[in-house]
Each structure stands twice: as structure tokens, then as C-alpha cells.
Amino acid sequence: FFAAAPKGGQTCEYAFFPGCQLGALNKDHAIKSYEYLSARSDAGLILGCCGAPAYWAGDEKRLSDNTGKLRKAWEGMGKPTLVFACASCERVFRQFMPEMKRVSLYELLAADPSVMPARIFGEAAVFDPCAAGDNDAMQKSVRLLAEKAGTRLEELREPFRCCGYGGHMHLANPGLYDEITTNRAQASDKPYIAYCANCRE
């Protein structure tokens with residue numbers, strides 16, 4: 001666990017919370033995102049787990065301990081607005097720490113006219129994570145960034161379906177995990193744009 005305001009300061013306006021899976025999948029994504037934020041604002045950093053694994057496991061004490069640690073760090077940094085790159089993390093914070101102001105990285109990127117996303121795919125399907133089902137701003141921002149890159153988007157017939165990652169399903173029920181991931185992979189023959197690190201994994 002690590003939490004700090006920008007070098008030389010005690011508090012900050014924003015704090016980037018990349019979550020555990022983004023850095024595990026591609027540390028450069030986490031590093032470049034923080035560099036972007038810190039170049040444009042007074043941005044600190046909180047590295048740690050949002051608590052989703054404890055929540056999924058029903059381990060209330062571990063979830064409570066983790067929430068307390070996060071809240072203490074946030075208060076010590078002057079109660080900054082938290083910036084999320086993972087929809088699952090944002091939802092856990094919204095559910096258990098609603099007093100914290102939150103924004104997705106995608107909203108900040110979409111609102112910045114200087115950002116020109118790379119055109120990785122000519123066509124793609126948007127894979128909306130279940131955790132973003134009630135987060136219209138995050139959904140719209142991801143689509144805006146893709147369109148700005150010149151990517152023609154396909155909407156999946158059934159958005160917000162579980163990717164198979166949640167609830168420790170891979171360990172709890174491997175057969176169901178295989179069925180779900182196969183089903184989701186076959187929802188489109190186009191490449192996916194995923195904006196939850198868990199879904200991407």
C-alpha cells in the first residue's frame with residue numbers, strides 16, 4: 001500500500017487510484033496515466049486494493065480494514081477527488097466510501113481537447129463492464145474517445161454482462177467461468193474495447 005501527495009506537498013486536488021489489475025496487466029498504462037494527470041493538475045497517488053476481493057469473498061473484517069486504511073490515506077491527502085481507471089474500483093468506492101468525490105480517467109481524457117487517441121482498431125465492439133452499468137459518464141466518455149480515434153463502434157446486444165472475473169468465479173466454479181468467458185468472447189467477431197482492467201484480463 002502506498003499513498004502520497006505530489007512531491008513536496010501534503011495535500012492535492014486529485015489522487016490517481018489505478019487499482020491492482022491495471023498495473024499488473026500493463027504497468028506502462030498506469031505510469032503514463034499518472035504522468036498525464038500530474039502534468040495537468042495537482043495529482044497524488046494511491047496504490048492499493050479497492051477491497052473488491054474481500055467483498056466478493058464475504059470477508060467483512062478485511063473489507064472494513066481496507067476501507068479504513070483507504071479513508072485515512074484520503075483524509076491525510078486533503079480529501080482529493082479520486083481518479084479511477086477501473087470501473088470495478090469506482091463502484092466499490094461508491095458503495096462503501098460514498099463521501100469521496102470520484103471521476104473516471106476516461107471522463108478527464110474525453111474532456112481534454114488536446115488528447116488525440118491512437119486509432120488501434122478501425123472497428124470495435126464496446127465491452128461495458130457490469131460495474132459501469134449505472135455510470136453513464138464513464139460509458140459516454142469511453143465511446144467519445146473511441147470515436148475521436150476514428151473507430152467505428154458496435155454495441156453489444158447484451159451490455160453489462162459479467163466477464164467471469166467477479167466473485168472469484170474462476171476458483172469457485174471453473175466450469176461456469178469457462179462457459180461465461182466463452183459466451184462473452186463470442187458476443188462479437190470484432191475486437192473489444194474494455195475499460196475495466198478485470199474485464200480486459
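Each value in this text was obtained by applying a stated rule to the coordinates, not by laboratory testing. Everything quoted here is computed from the prediction, not taken from an experiment. Backbone-built Cβ (ideal geometry, glycine too); neighbour counts: all protein chains shown.
Annotations
- Taking a Cβ cut-off of under 10 Å around Leu153, the surrounding Lys, Arg, Asp and Glu residues balance to a net charge of -1, with basic ones at +1 and acidic ones at -1.
- Contact order for the chain, expressed relative to its length and based on alpha carbon pairs under 8 Å spaced 6+ residues apart, stands at 21 percent.
- Over the residues of the chain, the helix contribution to mean residue ellipticity at 222 nm works out to -13000 deg cm²/dmol, using -39500 (n - 2.57) for each DSSP H run of at least 4.
- Evaluated over the Cα positions of the chain, the convex hull gives a direction-averaged projected area, one quarter of its surface, of 11.2 nm².
- Neighbourhood net charge (15 Å Cβ-Cβ; Lys/Arg +1, Asp/Glu -1) for Arg143: -2
- Percent of C-alpha pairs per 10 Å bin, region 52-100, short to long: 24, 57, 18, 0
- Taking each of Lys7/Lys32; Lys32/Lys190; Lys61/Lys101; Lys7/Lys79 in turn, the alpha-carbon distance tops 22 angstrom for Lys32/Lys190; Lys61/Lys101.
- If you take all other residues with their beta carbon under 15 Å from the beta carbon of Ala125, and give Lys and Arg +1 and Asp and Glu -1, the sum is 0.
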